Each structure stands twice: as C-alpha cells, then as structure tokens.
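Working notes, beginning with the structure itself.
The values are calculated or read from the model by the stated rules, or taken from the named source; none is laboratory data. Please read these numbers as outputs of a predicted model, since none were measured by experiment. Every residue, glycine among them, receives a Cβ derived from its backbone with ideal geometry; neighbour counts consider all protein chains shown.
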Amino acid sequence: MIKTHLTPTKKTEYFFGTIMMIVLIISLLNFPIFSLFSASPDTNVSLSVGWPIVFFELSMNDPGKMPIKIPEMIISLLIYFLVAYLLDITISLMIYASKPKDAIYNEAKKAYNYYIQNGKSKEDVIKMFKEKGWTEENLNKIIE
C-alpha cells in the first residue's frame with residue numbers, strides 16, 4: 001500500500017548516535033587505567049576506539065604513529081549506519097504491520113480532511129500523498 005517503509009527516518013539518526021556513544025563508552029571502559037600507574041617501562045598503554053574494527057588507536061609507546069585509520073573508520077561507520085538503518089526499518093515495519101488497513105485508511109482520511117479544511121487545495125493534498133507513496137487506487141478510497 002505505502003512504499004515508504006524502507007526510507008530512513010529521524011530514528012535512524014538517533015540509533016546511529018546511540019551506537020556511536022555505546023562504542024565510545026565501551027572503548028573508554030576498556031582503557032587500562034591501572035597500567036598507567038605501573039612503574040614498568042615496557043607497559044603498552046593504548047586507547048583503542050572502534051568495534052568490530054579499531055579505527056582510532058592512541059599508543060603511549062609509539063606517539064608518532066597516526067591514531068586515525070581512515071579505511072577502518074569508513075568501514076566501521078558504514079557498519080554502524082547499516083545497523084541503525086536496519087533497526088529503524090524493523091521498528092517501522094513492526095509498527096506498520098500491527099495496524100489494520102482500515103485504521104491506516106481512517107488516519108489518512110483524517111489527514112486529508114484536515115489539510116482540505118485548513119485551506120490546501122485538493123490537488124496539493126493529492127500530490128503530497130503521492131509523494132508519500134500512495135497509489136491512485138488507495139487515494140480514491142480516501143477521497144470517497
């Protein structure tokens with residue numbers, strides 16, 4: 001009926017930000033703080049960020065090494081975005097699948113009537129519904 005199930009929404013951004021924060025928090029929790037206090041000169045203390053691929057690694061033993069790994073960072077960010085997108089689509093489909101078709105048509109009819117009553121032209125409202133993925137057949141059910 002509506003083809004907009006697979007388009008990302010604002011929830012994708014929130015999921016992506018949440019995943020990034022979780023990765024950063026896990027990386028900070030894995031930081032070997034007690035190794036900093038050890039008197040051993042051969043202790044390797046490094047801050048590594050990234051999961052499943054480490055894309056930022058700051059090492060105390062090799063401070064001249066570039067900490068950011070660009071290819072790994074791009075791969076990790078793509079993985080995070082893909083997971084956020086899949087979460088958004090899954091939640092959207094679960095919400096949409098739980099509504100019967102009659103309820104969707106009723107909500108659409110209420111929205112259609114609302115826009116018409118607030119001064120939008122019939123053509124503009126139909127154009128807006130078509131942009132959202134509604135077909136002519138489904139629009140005729142709403143307009144009736």
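The table that follows gives values for the structure above.
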| quantity | calculated |
| --- | --- |
| Qualifying residue in the range 107-114 (condition: without any contact (Cβ under 8 Å) to a residue 60 or more places away in the chain, among the hydroxyl-bearing types (Ser, Thr, Tyr) and surrounded by fewer than 11 Cβ atoms within 10 Å (Cβ to Cβ)) | no |
| Condition met for Pro71 (surrounded by 12 or more Cβ atoms within 10 Å (Cβ to Cβ) and farther than 30 Å from Val125 by Cα) | no |
| Boolean, Phe16 is modelled with pLDDT of 90 or more, surrounded by 11 or more Cβ atoms within 10 Å (Cβ to Cβ) and in contact with a Pro (Cβ under 9 Å, 6 or more places away or on another chain) | no |
| Subset of the range 121-140 (residues that are surrounded by fewer than 14 Cβ atoms within 10 Å (Cβ to Cβ) and not small (Gly, Ala, Ser)) | Lys122, Glu123, Asp124, Lys127, Lys130, Glu131, Lys132, Thr135, Glu136, Glu137, Asn140 |
| Residues satisfying the stated conditions in the range 52-76, i.e. among the hydrophobic types (A, V, I, L, M, F, W, C) and modelled with pLDDT of 85 or more | Ile53, Val54, Phe55, Phe56, Leu58, Met66, Ile68, Ile70, Met73, Ile74, Ile75 |
| Thr7 vs. criteria at pLDDT 90 or above and assigned by TED's automatic domain parsing to the domain that holds Ile91 | no |
| Qualifying residue in the range 86-93 (condition: surrounded by 15 or more Cβ atoms within 10 Å (Cβ to Cβ), within 25 Å of Thr135 (Cα to Cα) and not small (Gly, Ala, Ser)) | yes |
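Results for (1) small (Gly, Ala, Ser); (2) assigned by TED's automatic domain parsing to the domain that holds Lys127; (3) out of contact with any Phe, Trp or Tyr (no Cβ under 6 Å at 6 or more places or on another chain), shown as yes or no for each residue.
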position: Lys69; (1), (2), (3): no, no, no
position: Leu93; (1), (2), (3): no, no, yes
position: Ile104; (1), (2), (3): no, yes, yes
position: Ala111; (1), (2), (3): yes, yes, yes
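This table checks each residue for (1) free of Cβ contacts under 8 Å to residues at least 40 places away in the same chain; (2) not hydrophobic (A, V, I, L, M, F, W, C).
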{"position": "Ile74", "(1), (2)": "yes, no"}
{"position": "Leu77", "(1), (2)": "yes, no"}
{"position": "Leu87", "(1), (2)": "no, no"}
{"position": "Thr90", "(1), (2)": "yes, yes"}
{"position": "Met94", "(1), (2)": "yes, no"}
{"position": "Lys99", "(1), (2)": "yes, yes"}
{"position": "Ile104", "(1), (2)": "no, no"}
{"position": "Lys120", "(1), (2)": "yes, yes"}
{"position": "Asp124", "(1), (2)": "yes, yes"}
